[in-house]
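The values are calculated or read from the model by the stated rules, or taken from the named source; none is laboratory data. Everything quoted here is computed from the prediction, not taken from an experiment. Please note: Cβ atoms are built from the backbone with ideal geometry, for glycine as well, and neighbour counts cover all protein chains shown. These accessible areas exclude ligands, DNA and RNA; they are computed on the full protein's heavy atoms, side chains included. Shrake-Rupley method; radii C 1.70, N 1.55, O 1.52, S 1.80 Å.
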Amino acid sequence: MALKNSVTGEVRRSYNITELEDAARLMRGYDLVALNAAGSGHAGGTLSIMDITATLYLRVANHDPQNPDWADRDRVIWSTGHKAPSLYIGLAFAGFCPIEDVVLLRKLGSPYQGHPHWLKLEGVEVSTGSLGQGLSIAVGIALAGKLNGKNYKTFCIMGDGEQQEGQVWEAAMAASHHGLDNLVAIVDCNRLQIDGPVAEVMNVEPLEDKYRSFGWDVHRIDGHNMQQVVEALEAAKEHQGKPLVLLADTVKGKGVSFMENVAGWHGKTPSAEELKKGLEELGVAHRIPVEALLEKARNYQGAIDRKLHHKMPEFNHDYWWNRALNMKVKMEPTRKGFGQALAEHGGDERVVCLGLDISGSITISDFYTGKPERKNRWLSMGIAEQSATSVAAGLAREGKLPVFGTYATFAAARNLDQIRTSICYGEFNVMIAGAHGGVSVGPDGATHQALEDLFAMCGLPNMSVVVPCDSVETRKATSHLLLEHKGPKYLRFAREATPVVTDEKTPFVFGRANVIRFRKPGDSFLDAFETMLESKYGDEGEDLSIIACGPMVPEAIRAAWILKREFGYETRVLNMHTLKPIDERAIIWAAKQTGVILTAEEHQIGALAWRVSNVITSSPVLYGQPVVTGAIDVKDRFGDSGAPWELIKEFEVSAEHIARKAVELVDLKKNHRVTVAEDLLTGSHRS
Ligand SMILES: Cc1ncc(C[n+]2csc(CCOP(=O)(O)OP(=O)(O)O)c2C)c(N)n1
């Protein structure tokens with residue numbers, strides 16, 4: 001019996017089958033509105049799980065919205081964190097939060113993050129988003145239930161594609177080993193994942209046999225037949241002896257004809273037109289105050305815009321990208337260059353590309369698009385980053401040139417030990433693409449924003465690390481790493497369209513920084529700046545140096561423009577595209593000749609900043625030489641949902657922030673105020 005008063009034991013509300021069916025329809029409608037307002041998110045999987053959500057939150061799970069932390073409540077773990085809107089709507093319908101607030105989905109600072117964060121919204125049990133981890137968390141919670149003598153059930157919602165993660169099976173093994181009959185797994189078997197049908201990407205069936213052989217009881221149901229869903233979940237509550245898995249056959253996009261069974265609707269949201277049509281098909285158009293909800297979302301967005309506006313350092317002119325009449329740039333996602341290089345060089349029979357179910361979006365599929373003869377060298381690995389990493393090592397051992405990639409956090413963190421031992425230790429020729437790096441990946445939120453990957457990759461012996469600044473440089477870097485560079489290599493690039501500030505003629509030499517100098521305002525950034533290899537550059541007596549990598553390079557050169565126009569400062573920008581091996585010479589000369597070094601990275605502080613300071617502090621050329629240093633970076637905090645450029649402002653990694661910091665540093669140098677730091681130190685010591 002759900003929705004209890006945890007103090008009196010009285011049932012707050014009980015839903016019969018018809019009421020549940022009706023609620024699920026309405027919940028689907030709210031889902032579409034929230035997704036439309038967010039402009040990004042997952043329609044397909046939120047719709048396929050909605051009947052189960054309604055049954056769990058409104059009828060089966062014991063919980064009390066007035067007492068979300070009730071110790072005896074049933075726990076529901078959403079291992080498929082991307083179905084967060086369905087979770088939020090389930091919680092709202094149960095009374096944990098106002099349903100109209102769910103329309104704030106994926107907005108900056110909202111409790112309704114792109115993937116659920118339990119510290120931001122009551123009723124969310126744990127934070128998820130990296131697939132394959134939920135069942136292990138659920139095992140932990142179920143174990144704690146046994147240890148604490150509690151009778152609650154732990155439910156864990158997973159996807160069928162998610163079953164490809166090896167960790168799911170480690171958890172399944174642990175659940176039966178520990179006799180966790182208080183654990184109920186639910187698999188949303190909608191038969192589609194991002195790259196296509198599960199059976200084609202990486203077949204997981206027969207799931208029934210697999211779970212049975214792992215010591216589970218199994219029950220297959222129609223996940224849209226409310227009677228069956230209710231009976232199965234109610235029986236699950238009473239189930240004893242073994243852990244139980246419900247394999248729910250569902251339809252991705254259920255309830256909206258044009259979304260049903262279409263893989264493309266996995267990570268897509270309805271337009272205004274599609275929203276209207278969807279609500280009509282669901283028969284709930286007249287029951288949802290769509291305009292008022294969208295208005296609420298717009299108002300919230302207005303408040304964000306104002307807050308971010310106040311957060312931005314002010315100058316006499318507006319220097320934002322493409323706002324001025326001159327100084328134009330083309331915006332293009334860096335990931336495009338990756339795909340272009342693979343398309344260009346994929347004819348080499350040694351090249352093999354491994355798919356990790358995010359292929360179109362990171363452009364690795366450009367390797368075979370329009371080239372069917374390459375399909376045999378396209379190896380779909382499913383959502384199984386750890387295994388794929390070691391598979392790549394095996395391929396490299398046999399002379400292949402393997403390339404794999406996914407969100408940088410899953411490409412470089414989840415599989416860190418495999419990269420270390422299978423690839424780096426053996427010095428294998430494997431290229432890892434850390435796509436969608438940095439906060440600017442946007443509304444997916446913290447779980448999908450790699451801000452630590454470069455620490456790990458730079459820390460591995462034998463690994464080379466390149467962070468190109470735009471799509472053109474990404475193409476050049478990919479080509480070089482793929483065909484010429486021997487050994488393990490990590491290429492990190494972003495998702496969002498960012499300024500293109502290099503062209504065909506711009507030099508790209510692995511391990512060698514470029515100097516970028518503002519000459520005079522021009523029609524475009526490319527006209528206004530001159531770029532050359534640092535080794536070919538003299539000294540122009542600049543006021544400061546900014547060392548940047550990746551999409552921070554365009555921000556750094558925009559900062560150089562601001563600094564020249566507003567303060568008359570000359571800036572030496574170093575494009576440090578190769579983080580490892582780092583160009584020590586370029587850093588040492590910049591420090592010696594300009595006396596001010598400011599680093600800029602879209603990463604937790606230190607991937608670039610600490611490598612640069614290490615060079616400065618260990619170089620005999622600089623002994624006794626005053627160097628003022630500063631850093632622009634993410635300050636030891638997790639990311640947030642939000643639009644990409646909002647996050648650049650929120651995390652204070654824009655050109656304006658770089659310029660403000662630069663002014664501070666140059667001021668310190670000019671006024672010889674190095675003693676300020678000493679005063680501060682002594683002061684804090686005293687207190
Ligand atoms: C570890 C990890 N790898 C990759 C992703 C990116 N991703 C998000 S959803 C998804 C597909 C999930 O498919 P499935 O489990 O079948 O869910 P459904 O189709 O029901 O949405 C992938 C690969 C992720 N979130 N976590």
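Extension gain, residue 276 to residue 17, is 90.6 nm, computed as 0.36 nm per intervening residue step minus the present C-alpha separation. A probe of 1.4 angstrom, applied to the heavy atoms of all protein chains, finds residue 427 with accessible area near 120 square angstrom. What residues of the range 245-288 lie in the reach of a label at residue 170, counting those whose backbone N is under 15 Å from a point 7 Å from the Cα along Cα→Cβ? None, by backbone N distance to the label point.
Gyration tensor analysis over the Cα atoms of the range 486-552 returns equivalent ellipsoid semi-axes of 22, 17, 12 Å (largest first, whole Å).
Of the residues 315, 70, 216, the one whose Cα sits farthest toward the positive end of the charge dipole of the chain, with +1 on the Cβ of Lys and Arg and -1 on the Cβ of Asp and Glu, is 315.
Solvent-accessible area per residue in the chain equals 38 Å², computed with a 1.4 angstrom probe and all protein chains kept. Of the peptides 142-152, 264-274, the ranking by mean beta-carbon count within 10 Å, highest at the top, reads 264-274, 142-152.
Scalar couplings 3J(HN,Hα) for the range 496-509, obtained by applying the Karplus form with A = 6.51, B = -1.76, C = 1.60 to θ = phi - 60°, are 5, 5, 10, x, 8, 10, 10, 9, 3, 7, 5, x, 9, 10 Hz; x denotes Gly and Pro. Counting only heavy atoms of the protein chains and using a 1.4 Å probe, residue 173 has close to 110 Å² of accessible surface.
Take each peptide in 48-55, 440-447, count the other Cβ atoms within 10 Å of every residue, and average; sorted highest first, the result is 48-55, 440-447.
Note on the range 1-138: along the principal axes its Cα atoms extend 42, 32, 25 Å, ordered by decreasing extent. Helix 674-686 and the longest principal axis of the Cα set of the chain meet at an angle near 40°. Cα extents for the range 518-591 along the principal axes, largest to smallest and rounded to whole angstrom: 34, 25, 19. Extension gain, residue 330 to residue 416: 0.36 nm times the residue separation minus the Cα-Cα distance gives 27.4 nm.
Rounded to whole numbers, the Karplus 3J(HN,Hα) couplings from phi for the range 613-621 are 5, 4, 5, 5, 6, 9, 8, x, 4 Hz, using 6.51 cos²θ - 1.76 cosθ + 1.60 with θ = phi - 60°, and x at Gly and Pro.
Say R0 is 41 Å: what FRET efficiency, to the nearest 0.05, do residue 484 and residue 71 get from their beta-carbon distance? The calculated FRET efficiency here is 0.10. Relative contact order of the range 1-159: what whole-number percent is it, with Cα pairs under 8 angstrom and at least 6 residues apart? It comes to 24 percent, rounded to a whole number.
Projected onto their three principal axes, the Cα atoms of the chain cover extents of 78, 56, 56 Å, largest first.
Report the Stokes-Einstein translational diffusion coefficient (µm² s⁻¹, integer) for the range 283-379, Rh taken as the Kirkwood radius over Cα pairs, at 10 °C with viscosity 1.306 mPa s. My calculation gives 86 µm²/s for D. If r is the Cβ-Cβ distance from residue 146 to residue 209 and R0 is 25 Å, what FRET efficiency results, to the nearest 0.05? Here the calculated transfer efficiency is 0.35. Given R0 = 35 Å, the distance between the Cβ atoms of residue 638 and residue 231 translates into a calculated FRET efficiency of 0.30.
In terms of packing, defined here as the mean over residues of other Cβ atoms within 10 angstrom, the peptides 605-618, 33-46, 363-376, 409-422 line up highest first as 33-46, 409-422, 605-618, 363-376. Our note on the geometry: Cα centres of the range 435-488 and the range 572-635, 19 Å apart.
May I ask for the net charge around residue 495, where only other residues with Cβ less than 13 Å from the Cβ of residue 495 are counted and Lys, Arg are +1 while Asp, Glu are -1? It works out to a net charge of -1.
When you restrict to C-alpha pairs under 8 Å that are six or more residues apart and normalise by the size of the chain, the relative contact order lands at 12 percent.
The distance from the alpha carbon centre of the range 225-244 to that of the range 319-335 is 56 Å, rounded to a whole number.
By accessible area, using a 1.4 Å probe on protein heavy atoms only, the chain has 51% of its surface on carbon and sulfur. Between residue 530 and residue 504, full extension at 0.36 nm per residue minus the direct alpha carbon distance yields a gain of 8.0 nm. If you take all C-alpha pairs in the range 163-320, what percent of them are over 20 Å apart? For the range 163-320, the share of Cα pairs beyond 20 Å comes to 67 percent.
Counting DSSP beta bridges in the chain, what percent are antiparallel, to the nearest 5? About 20 percent, rounded to the nearest 5. Taking all protein chains together and a 1.4 Å probe, the residues 328, 505 rank 505, 328 from largest to smallest accessible area. Return the calculated 222 nm mean residue ellipticity for the chain, to the nearest 500 deg cm²/dmol, obtained by summing -39500 (n - 2.57) across DSSP H runs with n ≥ 4 and dividing by the residue count. Computed ellipticity for the chain at 222 nm equals -11500 deg cm²/dmol.
On a C-alpha basis, how far is the centre of the range 509-523 from the centre of the range 123-150 in Å? Whole number, if you could? What the calculation gives is 51 Å, centre to centre. Placing +1 on each Lys and Arg Cβ and -1 on each Asp and Glu Cβ, with no other charges, gives the chain a dipole about its Cα centre of roughly 1060 debye.
The label point for residue 303 and the one for residue 519, both projected 7 Å from the Cα toward the Cβ, are 4.9 nm apart.
These residues, 636, 543, go from largest to smallest accessible area, 1.4 Å probe, as 636, 543. For residue 599, the residues 5 or more places off, or on other chains, whose built amide H falls under 5 Å of its own are 547, 630, 631, 632.
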